[in-house]
C-alpha cells in the first residue's frame with residue numbers, strides 16, 4: 001500500500017511493498033451497480049436518436065429535456081445524502097433509490113410509445129439514481145482506507161461501466177430474438193433491476209466494516225449543524241464545489257457529442273446506439289488504472305487532465321480528418337475523461353468530509369455538477385439551434401478552456417492520505 005508522508009500534500013507517497021485488496025463492501029456495491037446498469041442501459045441506449053430523429057425534437061428541445069432529466073435529481077440528491085447521514089442509514093436510503101429505478105421500468109411497459117409517459121419513467125429512473133448515488137459513494141469512502149480511495153472508486157466504476165456495456169448488447173439481442181418486441185426488453189429490464197435490489201439487501205453490510213478516521217474532522221469547539229450546506233464552511237471543500245460548477249457548466253452532454261459524430265461522419269442510423277459503447281469500453285479499461293494513478297500522484301492532476309481530454313475531444317470534432325480516426329479518437333477521449341474524473345472527484349472530496357457528513361457532502365458536489373450540466377445542455381442546444389453546431393462547439397471549447405484555467409488556480413491540493421495500518 002502507499003503510505004502517507006509529511007511532504008507536499010499532493011506528492012506521491014512512497015511504495016511500501018504492501019498491497020491491500022479492495023473491501024468486500026466495494027465489490028458488493030460494484031456488483032449491485034453492474035446489474036442495475038444492465039437494467040437501465042437496456043432502455044436508454046437509443047433515446048437520443050429516438051427523440052431527435054424519431055419524435056422530431058429540435059436540438060434545443062432535446063437539450064432542455066436531457067438537462068432537466070439530469071438536473072431534476074438535484075434536490076433529491078441533497079435529501080438522500082442528508083437522510084443517509086442521519087443515523088448512518090446509507091444502505092437503506094441507497095436501497096430506496098435502487099428500488100425506485102427498478103419500478104420505473106414498469107412505467108415503460110404502460111407508456112405505449114407515448115413521449116410523455118416515457119419521459120416520466122425516465123425521470124423516475126433518474127430520481128432513483130439521485131437518491132442512491134451519494135449514500136453509495138459514501139459507503140465506498142467509509143469502507144476504504146483514505147490512501148486507497150482512487151483504486152476503490154476505480155474498481156466500482158469499472159464494474160458499473162461493465163453493466164453499461166452489457167445493457168445495450170442485451171437489449172439488441174432481445175430485439176433480434178423477439179422481432180423488435182420492446183415489451184420484452186422492458187420486462188427483462190424490470191426483472192434485472194429487482195435482482196440488483198436483492199443483491200444490495202443480501203451482500204452489502206449495514207455499516208462500513210472498517211471506517212477510516214476522517215481527514216478533516218470538525219473542530220470540537222465548534223460543531224457545525226447537520227445541514228446539507230454545512231460542509232461549505234470548509235475552504236478546500238468550497239473550492240472543489242466552485243470548480244465542479246465551472247467545469248460542469250462548460251461540459252457538453254454526451255448525447256450531443258454522439259449526435260455531432262453521427263452528423264459529421266454520416267453514420268447509418270443503425271450504428272448510432274453503438275457509439276456510447278466505444279466510450280464505455282475505454283472507460284472500463286482505464287477506470288482502475290486511473291484510480292491507482294490518482295492515489296499515487298494525487299487526485300487533483302488526473303481530474304484536470306481528464307477535462308483536458310474532454311477539451312481535446314471537442315477540438316477533434318472541429319478539426320478535419322479521416323472518419324475512422326476521428327471516431328476512435330473522440331470515443332477514446334470521452335472514456336479517458338470519465339475514467340480520470342468520475343470516481344476521482346469523489347475520492348478527492350471524500351477525505352475532506354467527516355464521516356457523519358460524508359453522504360451529504362458528496363451529494364452537494366454531485367448536485368452542483370448536475371445543475372451546472374443542466375445549464376450547459378440547455379445553452380448548447382440553444383446555441384446549436386440559433387447559430388448551428390459548429391459555432392456552438394466553438395463556444396463550448398472556449399468555455400471549457402476558461403473553466404480549466406480557473407480550476408487550475410482554484411482546485412486545492414488534497415491533504416496527505418491517512419496512514420493505513422500495515
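Listed by Cβ neighbour count within 10 Å, with the fewest neighbours leading, 82, 156 appear as 82, 156. With contacts taken as Cα pairs under 8 Å and at least 6 residues apart, the stretch 264-422 reaches a relative contact order of 29 percent.
As a proxy for reagent exposure, 160, 137 were ordered by neighbouring Cβ count within 10 angstrom, fewest first; the result is 160, 137. Each of residue 271 and residue 206 was given a label point 7 Å from its Cα along the Cα-to-Cβ line. The distance between the two points is 5.4 nm.
Among 244-254, 345-355, 188-198, how do they line up from the highest to the lowest mean number of other beta-carbon atoms within 10 Å? It would help to have the intermediate numbers written out before the result.
Working: 244-254: 22.2, 345-355: 24.5, 188-198: 20.2.
Those peptides, ordered most packed to least, come out 345-355, 244-254, 188-198.
If you wrap the tightest convex hull around every Cα atom of the stretch 304-410 and split its volume per residue, you get 101 Å³.
Per-residue extension of 0.36 nm, minus the Cα-Cα distance of residue 109 and residue 296, leaves a gain of 62.6 nm for this segment.
Taking only the C-alpha atoms of the stretch 338-378, Rg followed by Dmax gives 11.5, 36 Å.
Between residue 169 and residue 238, how high is the FRET efficiency from 1/(1 + (r/R0)^6) when r is the Cβ-Cβ distance and R₀ = 56 Å? Nearest 0.05. Could you put the intermediate results ahead of the total?
Working: r = 42 Å, r/R0 = 0.75.
Approximately 0.85, to the nearest 0.05.
The spacing between the stretch 333-358 and the stretch 280-301, judged by their C-alpha centroids, is 11 Å.
Only the coordinates and a few stated rules stand behind these numbers; no lab work does. Quick caveat: nothing in here was measured; it's all calculated off a predicted structure. Please note: Cβ atoms are built from the backbone with ideal geometry, for glycine as well, and neighbour counts cover all protein chains shown.
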